[in-house]
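Before any comments, here is the structure.
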Amino acid sequence: MNLRTIVAVLGLAALAAGCSTPTDGTATPTTSPSGRTLPYGGAPKVENPLPDDVFSLSPCQALTPEQIKAQLGSEIPGKPDNDAVPGCTWTNSASGGFIGVSFYGNDNDGLSNAYANVRPRMKRFDALPPIQGFPAVAYSSSPGPFSSSCDVNVGVTDRLSFLAHVAPRDSKVNKADPCPLAADVANDVVTTLKRKAGR
């Protein structure tokens, strides 16, 4: 499943989200406009969220040239992909390796959207160990483990998440599990976002 297809799936499933207004000095849970308390659908709560403005940088800045070289074998420039949500793609045309990163904003309900709306459409949906303290899931439209690509969605707040989409080089397709590769990319993105947040 390519990045644009995943973007479409998540975009169609997106629900508007926001904060409820505290009254009498009492904090209230984060909810979506529909009144659903975040998180929902079985998604874990983000216990130590990043600031809400963490996605103010371009997704093409989410990975350094050195990180791209380590993942794809050369320092390939990112190509902005803003069809539905802010995104960036890197493709090694020689090997067929591909990386995509997308930032999902406040209107997408973070990992709750993935658990409630994306999980039923996937053949594979695996909760991962937290990535630097942030909850994450890996999923694919193929049952795996040797699917042609994998997506890792990481919640950085209860409302915000990002997607790392990875397709291995052609020689590894159907021979290696792409989900650990996607988790490695997601880890690199978290490092960038934490640095932006001063952590």
How about the stretch 64-78: which of its residues are under 15 Å from Ala167 (Cβ atoms) and either in contact with a Pro (Cβ under 9 Å, 6 or more places away or on another chain) or among the basic types (Lys, Arg) (or both)?
Ile68, Ile76
Could you tell me which numbered condition Leu181 fails, if it satisfies all but one of (1) part of a strand (DSSP E or B); (2) among the aliphatic types (A, V, I, L, M); (3) within 16 Å of Gly100 (Cβ to Cβ)?
(1)
Listing of strands (runs of 3 or more DSSP E) fully contained in the stretch 89-159 that carry 2 or more residues being open to solvent by 40 Å² or more (accessible area, probe 1.4 Å) and of a type in the set (A, V, I, L, M, F, W, C):
124-131
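If only one of Ala197, Ala182, Ala176 is open to solvent by less than 40 Å² (accessible area, probe 1.4 Å), at pLDDT 95 or above and among the hydrophobic types (A, V, I, L, M, F, W, C), which one is it?
Numbers: Ala197 fails: at pLDDT 95 or above; Ala176 fails: at pLDDT 95 or above.
Matching residue, one of Ala197, Ala182, Ala176: Ala182.
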Can you name the residue in the stretch 47-61 that is of a type outside the set (S, T, N, Q) and surrounded by fewer than 17 Cβ atoms within 10 Å (Cβ to Cβ) and, of all such residues, is farthest from Thr89 (Cα to Cα)?
Glu47
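Sort out which residues of the stretch 79-95 are out of contact with any strand residue (DSSP E or B) (no Cβ under 7 Å at 6 or more places or on another chain) and either within 18 Å of Ala167 (Cα to Cα) or of a type in the set (A, V, I, L, M, F, W, C) (or both), and write them in order of number.
Of the residues in the stretch 79-95, the ones out of contact with any strand residue (DSSP E or B) (no Cβ under 7 Å at 6 or more places or on another chain) are 82-84, 92-95.
Listed by number, the residues that qualify are Ala84, Asn92, Ser93, Ala94, Ser95.
The values are calculated or read from the model by the stated rules, or taken from the named source; none is laboratory data. Just so we're clear, the structure is a prediction, and the values are computed from it rather than from any experiment. We place every Cβ from the backbone using ideal geometry, glycine too, and count neighbours over all the protein chains shown. When the accessible area is computed, the model is the full protein with side chains, heavy atoms only, and any ligands, DNA or RNA have been set aside. Shrake-Rupley method; radii C 1.70, N 1.55, O 1.52, S 1.80 Å.
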